[in-house]
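Trainee: Pasting in a structure now, in structure tokens, and then I'll have a few things to ask.
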Amino acid sequence: MKILQINSSARSDGSHSTRLASALTQAVMTANPAATLKVRDLARSPHPHLDEVALGALFTPAAARSPEQQARVALDDALIAEVQAADVLVVGVPMYNFGVPSQLKNWIDAISRAGVTFRYTDKGPVGLLQGKQVYFALTRGGIYRNTPNDSQVPYLRTIFGFLGMSELQFVYAEGLAMGPEAERAGLAAAQAQIADVISQ
Ligand SMILES: Cc1cc2nc3c(=O)[nH]c(=O)nc-3n(C[C@H](O)[C@H](O)[C@H](O)COP(=O)(O)O)c2cc1C
């Protein structure tokens, strides 16, 4: 089993979502001692944005790409190869301004490529990243689980499902900015959820 952990907090040290994702990863590894782990930290290793240069490279046929365009596409290829190789993904997701961090959106933009990770058929789109289990470690200052203001989970279900990943589990640490007692309770509740989602 190959595990890929994606950390998307802008913080390296002190990030609750990274800590929670690491705890989820540890639980998966405890249940699967032979599992190997690759960690991609999107803040420590920033990926270039999907700008005009990147789009130009992606939409140029491979044989006609300049060396610069080849190099730009290769950066995305490396991220795609990591996901393709993984059996399990663990994704740390802080809530930033009611959405996912731009680092995570940028990673999603990099791995979503027509003909490679999804394709359109006469019956509609087909995700090509199938057969993977995905765990999300969600951290929030407030409490939004199962409310209309939680735009993260519907978005993550849509895009991961579009790419073929439908085995999704969500662990929530909420109320982290609502005072020390709420923070302690939110983190404890998240730890308790880990055992539940791993056993499913
Ligand atoms: C830039 C920024 C925006 C945030 N926006 C929200 C928000 O919209 N809703 C919320 O509940 N918490 C919000 N928070 C709080 C974070 O979700 C919370 O502190 C979380 O633990 C941050 O993740 P991290 O500990 O992994 O860095 C925000 C924090 C930051 C730094």
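Trainee: For the stretch 3-17, what are the residues that are near the ligand (Cβ under 8 Å from one of its atoms), in contact (Cβ under 8 Å) with a residue 40 or more places away in the chain and over 17 Å from residue 106 (Cβ atoms)?
Mentor: If the condition is that a residue be near the ligand (Cβ under 8 Å from one of its atoms), in contact (Cβ under 8 Å) with a residue 40 or more places away in the chain and over 17 Å from residue 106 (Cβ atoms), then 15, 16 are the ones that fit.
Trainee: Give the stretch 121-151 a look and list any residue that's of a type outside the set (Lys, Arg), over 23 Å from residue 177 (Cα atoms) and out of contact with any helix residue (DSSP H, G or I) (no Cβ under 9 Å at 6 or more places or on another chain), or say none.
Mentor: Correct list: 121, 122, 124, 126, 130, 131.
Trainee: Every residue in the stretch 135-149 that is assigned to a strand (DSSP E or B) and either aromatic (Phe, Trp, Tyr) or within 6 Å of the ligand (Cβ to nearest atom) (or both), please.
Mentor: 135, 136, 139
Trainee: Of all residues in the stretch 95-134, which are aromatic (Phe, Trp, Tyr) and part of a loop (DSSP other than H, G, I, E, B)?
Mentor: First, the residues of the stretch 95-134 that are aromatic (Phe, Trp, Tyr): 96, 98, 107, 118, 120.
Once the filter is applied, which keeps residues that are aromatic (Phe, Trp, Tyr) and part of a loop (DSSP other than H, G, I, E, B), the stretch 95-134 yields only 98.
Coordinate-derived values only; no laboratory data. Here the structure is a predicted model, which is why all the values come from computation and not from measurement. Note that each Cβ is placed from the backbone with ideal geometry, even for glycine, and that neighbours are counted across all protein chains shown.
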